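Working notes, beginning with the structure itself.
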């Protein structure tokens, strides 16, 4: 089974696309643990919170991989490289532990070129902060040497590009 991680700044359509690809393609996904954590614990995060979120996401990702249902691909709504971008954005540093987790076979890097949607758990809604956060997200991918494809454009274009990239990794 191949793994594909949707990666990028907040409010760029990652979670919505995961849900849509489950419905239209039958591709299962692991939801973003950080969202659940913030809904339960608030958004006044510390570095310790980010490390807990990273481990929680890893636990959910591992569980989904072990529950292999025969699907050709498993989508991760996020992973620890995105948590690393959060650490850099919030605290100006990245614990090496966040870079040491297993990596997905492919990353889809979502550009912040769609309208911001506030949902109560989001932080960086101004154009400047979205651009900065997006750059940090990309930097984590480059720093880790992983394969990634940029996803931008309208919602339909984003979906088409994502499907093409995923089908490409599936061969």
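Against the conditions (1) over 24 Å from residue 142 (Cα atoms); (2) part of a loop (DSSP other than H, G, I, E, B); (3) in contact with a strand residue (DSSP E or B) (Cβ under 9 Å, 6 or more places away or on another chain), where does residue 12 fall short? Just the number, please.
Going through the list (1) over 24 Å from residue 142 (Cα atoms); (2) part of a loop (DSSP other than H, G, I, E, B); (3) in contact with a strand residue (DSSP E or B) (Cβ under 9 Å, 6 or more places away or on another chain), residue 12 breaks only (1).
Does residue 56 qualify as being assigned to a helix (DSSP H, G or I), surrounded by 20 or more Cβ atoms within 10 Å (Cβ to Cβ) and either out of contact with any strand residue (DSSP E or B) (no Cβ under 7 Å at 6 or more places or on another chain) or at pLDDT below 90 (or both)?
Details: assigned to a helix (DSSP H, G or I): yes; surrounded by 20 or more Cβ atoms within 10 Å (Cβ to Cβ): no; either out of contact with any strand residue (DSSP E or B) (no Cβ under 7 Å at 6 or more places or on another chain) or at pLDDT below 90 (or both): yes.
It is false that residue 56 is assigned to a helix (DSSP H, G or I), surrounded by 20 or more Cβ atoms within 10 Å (Cβ to Cβ) and either out of contact with any strand residue (DSSP E or B) (no Cβ under 7 Å at 6 or more places or on another chain) or at pLDDT below 90 (or both).
Filter the range 26-51 down to the residues that are buried (at least 16 other Cβ atoms within 10 Å of the Cβ) and assigned to a helix (DSSP H, G or I) and list them by number. Can you show your working first?
As a first pass, look at the range 26-51 and keep what is buried (at least 16 other Cβ atoms within 10 Å of the Cβ): 27-35, 37-38, 45, 49-51.
Result: 33, 34, 35, 37, 38, 49, 50, 51.
Within the range 96-114, can one find any residue that is over 27 Å from residue 2 (Cα atoms) and touching a residue at least 40 places away in the same chain (Cβ under 8 Å)? Working first, answer last.
Pass one, the range 96-114, residues over 27 Å from residue 2 (Cα atoms): 113-114.
Next, only the ones that are touching a residue at least 40 places away in the same chain (Cβ under 8 Å) stay: 113-114.
Yes - at least one qualifying residue is present in the range 96-114.
Could you grab me the full set of residues in the range 66-99 that are assigned to a loop (DSSP other than H, G, I, E, B), loosely packed, with under 14 Cβ neighbours inside 10 Å and modelled with pLDDT under 95?
Looking only at the range 66-99, we keep the residues that are assigned to a loop (DSSP other than H, G, I, E, B), and these are 67-72, 77-79, 92-95.
Now drop any that are not loosely packed, with under 14 Cβ neighbours inside 10 Å, which leaves 67-70, 92-93.
Once the filter is applied, which keeps residues that are assigned to a loop (DSSP other than H, G, I, E, B), loosely packed, with under 14 Cβ neighbours inside 10 Å and modelled with pLDDT under 95, the range 66-99 yields 67, 68, 69, 70.
The values are calculated or read from the model by the stated rules, or taken from the named source; none is laboratory data. Because the structure is predicted, anything quoted here is derived from the model rather than measured. Note: ideal-geometry Cβ built from the backbone for every residue, glycine included; neighbour counts use all protein chains shown.
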